[in-house]
Structures are given as structure tokens and as C-alpha cells.
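Report on the following structure.
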Amino acid sequence: MYGVPALLIFLLFAGIALLFSVALVSQWRRSLRFPGGRSKLIVSTLFILLWVSLIAHLYVRKAHFHYTLWKLDASDVYSIQIGKHDFRDKESIQDLVSALRNSRWFEVNHGGWGDSIPLILRRHSGKEIALDVALYFRESGAVIGPANLNGLGSSATQAFAPELPRALEKHGVKLPDCDTPHGRPCRPDQLSP
């Protein structure tokens with residue numbers, strides 16, 4: 001899922017966390033008036049705090065990743081490398097950065113993308129942004145996420161870039177349409193377009 005429905009999943013988790021927090025505060029206030037049974041309340045509080053912090057950490061990472069994509073500026077990028085291509089001309093960089101900036105929130109609930117390949121944005125500041133990019137099979141677009149040794153499937157932080165495959169093809173790069181984990185292995189030339 002991507003876009004508004006995916007964001008609604010996040011809001012659902014945030015709402016549940018808020019309800020748990022309100023219930024805990026209410027229980028602690030009541031325990032001040034009627035001492036006893038606090039050990040269960042302490043365990044419940046620790047469990048809920050752990051649950052909320054784990055989910056919050058995941059969504060903070062996702063939000064930071066989306067913020068990084070959203071604030072990309074083509075004038076700050078001097079090179080984009082994907083496969084055998086190293087784009088340095090303004091038009092290519094503008095097209096690819098624009099496609100990345102238009103990424104949407106994405107929640108993984110099924111997979112549905114091919115093998116990923118690395119895409120590296122090199123900035124004038126000397127910093128790099130390393131991403132994994134994979135063709136999305138269910139509709140036109142690509143799934144992107146922070147570079148990971150095990151590819152996109154092991155990353156919980158992903159975005160959906162509907163315009164990226166077209167922008168890449170315009171400049172001679174075709175994302176692999178293979179899916180090794182599901183019996184459609186890639187040829188070496190597909191993983192280095």
C-alpha cells in the first residue's frame with residue numbers, strides 16, 4: 001500500500017498508542033487513590049512503553065527517509081550512479097531527483113517487487129545517499145529504500161516512486177523485471193543495467 005491508505009495505517013497505530021497511553025494514565029491516577037496491585041500496572045506500563053517505542057522508532061525512521069527524499073535538490077547533486085550508468089548532466093539529474101522527490105509513503109503488506117539494484121546520489125557536499133531500487137510489479141512504479149546488504153525485502157523503510165521507472169528508462173536504464181526469491185532469477189546483465 002502507498003499514499004494516503006498507507007499513511008492511514010500509521011495513523012491507526014498512532015491512535016492505538018494514544019488510547020493505550022490515556023488508559024495507562026487513568027490507571028496510574030486511580031492507583032494513587034487505591035494502592036495495591038501496582039506490580040501488574042508496572043508490568044503493563046513497561047510493556048506498552050516498549051511497544052510504543054518500537055513502533056515509534058520504525059515510523060520515525062520512515063518519516064526521516066521520506067523527509068530526506070522530499071528535500072532532495074537537483075542543484076545539490078552532481079552525480080547519480082545506477083548500474084553501469086553515472087549521470088552527471090543536469091537534465092538526467094533533474095529528472096531522476098524529481099522522480100525521487102515525488103515518492104509516496106509505502107507500507108509492505110505483500111511484496112510485489114523484483115530484485116533491487118543500488119542507486120547512489122553523490123552530493124556536492126561530499127555526502128552520498130545510497131538507495132536500493134526495485135521495479136514494482138502490481139502497477140507502474142518502483143519501490144525504494146535505504147541501501148541494505150540484503151536488499152529491499154529486509155528493509156522496513158520503503159517508499160513508492162511512481163515516476164522513477166519512466167525517468168530511468170528515458171535515460172537508458174531498465175530496472176530488472178526478475179524476481180529471484182520467487183523463481184525468476186536475474187541474469188547478471190539485469191542487475192547491472
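The values are calculated or read from the model by the stated rules, or taken from the named source; none is laboratory data. These figures come from a predicted structure and were not determined experimentally. Here the Cβ is made from the backbone with ideal geometry for all residues, glycine too, and neighbour counts use every protein chain on show.
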> Is it the case that Leu69 is within 17 Å of Thr157 (Cβ to Cβ), surrounded by 15 or more Cβ atoms within 10 Å (Cβ to Cβ) and modelled with pLDDT of 95 or more?
Replying inline: no
>> Just to be sure before I move on: is Ala99 surrounded by 21 or more Cβ atoms within 10 Å (Cβ to Cβ), within 20 Å of the chain's Cα centre (by Cα) and of a type in the set (Gly, Ala, Ser) in the structure I sent?
In response: yes
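Okay, residues lined up against (1) hydrophobic (A, V, I, L, M, F, W, C); (2) closer than 30 Å to Ile129 by Cα:
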{"site": "Ser26", "(1), (2)": "no, no"}
{"site": "Arg33", "(1), (2)": "no, no"}
{"site": "Arg38", "(1), (2)": "no, no"}
{"site": "Ile42", "(1), (2)": "yes, no"}
{"site": "Leu46", "(1), (2)": "yes, no"}
{"site": "Leu54", "(1), (2)": "yes, yes"}
{"site": "Lys62", "(1), (2)": "no, yes"}
{"site": "Thr68", "(1), (2)": "no, yes"}
{"site": "Ser75", "(1), (2)": "no, yes"}
> Any idea which of Val43, Val25, Val97, Val60 is among the hydrophobic types (A, V, I, L, M, F, W, C), in contact with a helix residue (DSSP H, G or I) (Cβ under 9 Å, 6 or more places away or on another chain) and part of a helix (DSSP H, G or I)?
Replying inline: Val97
>> Kindly evaluate Ser140 against the criterion of being within 15 Å of Leu175 (Cα to Cα) and part of a loop (DSSP other than H, G, I, E, B).
In response: yes
> Taking region 22-66 as the search range and keeping residues that are surrounded by 12 or more Cβ atoms within 10 Å (Cβ to Cβ) and among the charged types (D, E, K, R), which one is farthest from Arg104 (Cα to Cα)?
Replying inline: Arg38
>> Looking only at region 1-21, count every residue that is modelled with pLDDT under 75 and in a helix (DSSP H, G or I) and tell me the total.
In response: 6
>> Quick check on my filter: what residues within region 134-143 are closer than 18 Å to His66 by Cβ and in contact with a helix residue (DSSP H, G or I) (Cβ under 7 Å, 6 or more places away or on another chain)?
In response: Ala134, Gly141, Ala142, Val143
>> For region 114-126, give me the residue count where each residue is touching a residue at least 40 places away in the same chain (Cβ under 8 Å), surrounded by 14 or more Cβ atoms within 10 Å (Cβ to Cβ) and of a type outside the set (Gly, Ala, Ser).
In response: 6
> What tally of residues in region 85-113 results from selecting those that are more than 16 Å from Pro146 (Cα to Cα) and at pLDDT below 90?
Replying inline: 4
>> Given the criterion under 30 Å from Leu18 (Cβ atoms) and without any contact (Cβ under 8 Å) to a residue 24 or more places away in the chain, identify the matching residue among Ser53, Ser75, Ser103.
In response: Ser53
>> Condition first: modelled with pLDDT of 80 or more and surrounded by 15 or more Cβ atoms within 10 Å (Cβ to Cβ). Now tell me which residues in region 174-192 satisfy that.
In response: Leu175, Pro176, Cys178, Asp179
> Only one residue in Glu169, Glu163 is surrounded by fewer than 14 Cβ atoms within 10 Å (Cβ to Cβ), at pLDDT 85 or above and not small (Gly, Ala, Ser), so which one is that?
Replying inline: Glu169
